[in-house]
Every structure is written in C-alpha cells, then in structure tokens.
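Colleague: Handing you a structure now.
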C-alpha cells in the first residue's frame with residue numbers, strides 16, 4: 001500500500017525540480033505564432049541564460065521532443081502530439097470531431113471546440129477548417145484566446161460563476177481596436193448571451209472576421225464547451241447583424257451533447 005504524501009509535508013526544496021521547471025518553460029516558449037526559435041529567442045522567452053537553454057534543448061532533442069532545422073532554429077516534434085493525445089477529455093474531442101467535420105463542410109467556415117482553462121482564457125481543443133478560401137488560423141489547437149475576445153471565450157465566460165468571471169476579466173487584452181475593454185459593459189452583455197443562448201462577435205480578434213458560438217452541455221445540463229464558427233464576416237453575419245448558420249450550429253452542439261450523454 002502506497003502512502004500519499006501531502007505537498008505541504010515535503011520540504012520546500014523537494015516539492016519541485018528546477019531542471020524540470022526550466023525544461024517546461026522552454027517547451028512553453030514555442031507558440032503557434034512562433035513555432036521555430038533560435039537559441040537566443042528560446043532562452044529569452046524562458047528567462048534562461050543561453051548555456052542552460054542549450055543544455056536543456058539538447059536533452060529535449062535526445063528525448064525526441066525538440067528538433068533543430070538546417071537554419072539552426074529549434075522546433076517541437078510530432079512526438080508532442082503523442083503526449084497531447086494522452087490527455088483525457090471525457091470523450092468530448094472524440095465525439096465532437098465527426099460532427100465538426102460535417103458542420104465545416106455545410107457552412108464553409110472554420111469550426112472550433114473550446115473549453116474554459118482558468119486565467120489564460122479559453123483553450124482550443126479541436127479545430128476543423130471548412131471549404132471557404134479564408135481559413136481562420138488565429139486560434140490553434142492547444143492555444144488560448146483571452147476571455148474578452150471571440151465568441152467562444154465570451155460564451156464560456158457567460159456561464160461561469162460570478163467570482164470566476166471577475167477573475168477572468170481582471171486583465172482584458174486588446175487584439176484589435178474593436179476588442180471589448182469596458183468590463184462593466186461586457187459583464188452586462190453576458191446576461192444577454194445567457195438569455196439568447198449564443199454569442200456573436202465581429203472584428204475583435206482579427207478585423208474583417210467574425211465568430212458565432214453556442215454551448216455544448218453535459219448530462220446535467222451544465223455548459224462544458226463552446227462550439228463556434230469563425231470566418232469572414234460576410235460568411236457568418238447577415239446584413240442586419242444577425243448571425244447566419246444558427247440552426248446548423250445549434251443542431252451540431254445538440255448532437256455532441258447527446259453523444260456525451
């Protein structure tokens with residue numbers, strides 16, 4: 001029988017391993033916007049000196065998690081996807097993807113599945129591109145969108161507890177001149193989102209693009225994810241500002257919810 005030890009009972013210098021923390025900081029330095037980094041860039045992003053960063057990168061390369069290209073830049077390898085595939089999502093991603101593929105084909109838009117992930121924002125769990133020539137790449141799988149921007153994050157925000165909403169909106173981000181930064185106004189708007197059951201945003205993440213989102217619910221009716229469409233405003237929003245594809249989006253969200261039950 002193994003005895004579980006509380007972290008509080010372990011001496012402070014034994015609760016963490018500095019080398020592991022530094023290696024993880026290096027891995028987090030790679031982002032969808034910066035998938036390839038020089039040694040200097042990686043060290044700066046991870047707040048490490050070059051010597052330490054180089055030793056850690058060599059170790060990560062030896063483990064097959066990082067590679068170096070012909071230009072000397074470092075990048076993550078596909079083995080990282082093996083680790084990501086091991087994350088349990090309660091069947092959410094597996095059940096949602098076939099439905100998302102059909103929704104993307106029907107609408108032409110990019111389809112996103114996102115979940116709440118604490119202070120960083122909403123986490124993109126899955127993304128499927130439609131046939132529209134303009135594909136939305138600004139929210140990749142595994143990356144976060146700030147709570148005050150985008151239909152998916154704001155929809156998830158609307159169904160969070162008031163304390164969590166306050167914490168999430170403590171530091172709003174500005175992605176475009178149209179990003180909502182008036183937090184009292186946004187908090188008031190969240191009541192509208194809950195009442196109508198969907199959210200639509202325009203130009204607040206990328207000018208010229210819009211998004212529409214609806215909730216995916218668990219067996220108890222609680223919102224566990226947001227299903228959203230992203231693309232050119234003309235594709236997703238009608239001339240009077242009403243979102244298109246609401247019936248298709250709602251049916252897809254309901255289908256995913258029913259599969260999870």
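The values are calculated or read from the model by the stated rules, or taken from the named source; none is laboratory data. All figures in this text were calculated on a predicted structure; none of them were measured in a lab. We place every Cβ from the backbone using ideal geometry, glycine too, and count neighbours over all the protein chains shown.
Colleague: Would you check if residue 137 is surrounded by 14 or more Cβ atoms within 10 Å (Cβ to Cβ) and more than 17 Å from residue 226 (Cβ to Cβ)?
Modeller: Taking the combined requirement at face value, the residue does not satisfy it.
Colleague: What is the number of the single condition among (1) in a loop (DSSP other than H, G, I, E, B); (2) over 22 Å from residue 117 (Cβ atoms); (3) in contact with a helix residue (DSSP H, G or I) (Cβ under 7 Å, 6 or more places away or on another chain) that residue 172 does not meet?
Modeller: Only one criterion in (1) in a loop (DSSP other than H, G, I, E, B); (2) over 22 Å from residue 117 (Cβ atoms); (3) in contact with a helix residue (DSSP H, G or I) (Cβ under 7 Å, 6 or more places away or on another chain) is unmet by residue 172, namely (2).
Colleague: Of the residues in the stretch 72-90, how many are modelled with pLDDT of 75 or more and surrounded by 12 or more Cβ atoms within 10 Å (Cβ to Cβ)?
Modeller: Selection size over the stretch 72-90: 7.
Colleague: Touching a strand residue (DSSP E or B) at 6+ places or on another chain (Cβ under 9 Å) and modelled with pLDDT under 95: does that describe residue 68?
Modeller: For residue 68, the condition - touching a strand residue (DSSP E or B) at 6+ places or on another chain (Cβ under 9 Å) and modelled with pLDDT under 95 - is met.
Colleague: Looking at (1) in contact with a helix residue (DSSP H, G or I) (Cβ under 8 Å, 6 or more places away or on another chain); (2) buried (at least 17 other Cβ atoms within 10 Å of the Cβ); (3) closer than 30 Å to residue 244 by Cα, which one does residue 123 not meet, given that it meets all the others?
Modeller: Residue 123 satisfies all of (1) in contact with a helix residue (DSSP H, G or I) (Cβ under 8 Å, 6 or more places away or on another chain); (2) buried (at least 17 other Cβ atoms within 10 Å of the Cβ); (3) closer than 30 Å to residue 244 by Cα except (1).
Colleague: Regarding the stretch 91-107, can at least one residue be identified that is within 24 Å of residue 205 (Cβ to Cβ), assigned by TED's automatic domain parsing to the domain that holds residue 170 and at pLDDT below 90?
Modeller: Yes, the conditions are met somewhere in the stretch 91-107.
Colleague: Would you call residue 215 under 17 Å from residue 96 (Cα atoms), in the same structural domain as residue 127 (by TED's automatic domain parsing) and in contact with a strand residue (DSSP E or B) (Cβ under 6 Å, 6 or more places away or on another chain)?
Modeller: yes
Colleague: Return the only residue of 28, 102, 54, 22 being touching a residue at least 12 places away in the same chain (Cβ under 8 Å), exposed (fewer than 12 other Cβ atoms within 10 Å of the Cβ) and either in a helix (DSSP H, G or I) or in contact with a strand residue (DSSP E or B) (Cβ under 6 Å, 6 or more places away or on another chain) (or both).
Modeller: Selected residue: 28, the only one of 28, 102, 54, 22 that is touching a residue at least 12 places away in the same chain (Cβ under 8 Å), exposed (fewer than 12 other Cβ atoms within 10 Å of the Cβ) and either in a helix (DSSP H, G or I) or in contact with a strand residue (DSSP E or B) (Cβ under 6 Å, 6 or more places away or on another chain) (or both).
Colleague: Return the residues of the stretch 196-211 that are out of contact with any helix residue (DSSP H, G or I) (no Cβ under 8 Å at 6 or more places or on another chain) and within 15 Å of residue 148 (Cα to Cα); say none if nothing qualifies.
Modeller: 204, 205, 206
Colleague: Using the structure shown, decide if residue 153 is surrounded by fewer than 24 Cβ atoms within 10 Å (Cβ to Cβ) and either part of a loop (DSSP other than H, G, I, E, B) or touching a strand residue (DSSP E or B) at 6+ places or on another chain (Cβ under 8 Å) (or both).
Modeller: No; evaluated as a whole, the condition is false for this residue.
Colleague: Let me ask something else. Tell me whether the stretch 186-199 contains one or more residues that are in a loop (DSSP other than H, G, I, E, B), at pLDDT 95 or above and over 16 Å from residue 114 (Cβ atoms).
Modeller: Yes, because at least one residue in the stretch 186-199 is in a loop (DSSP other than H, G, I, E, B), at pLDDT 95 or above and over 16 Å from residue 114 (Cβ atoms).
Colleague: Restricting to the stretch 226-256, count the residues that are over 18 Å from residue 97 (Cα atoms), assigned to a helix (DSSP H, G or I) and without any contact (Cβ under 8 Å) to a residue 12 or more places away in the chain.
Modeller: 2
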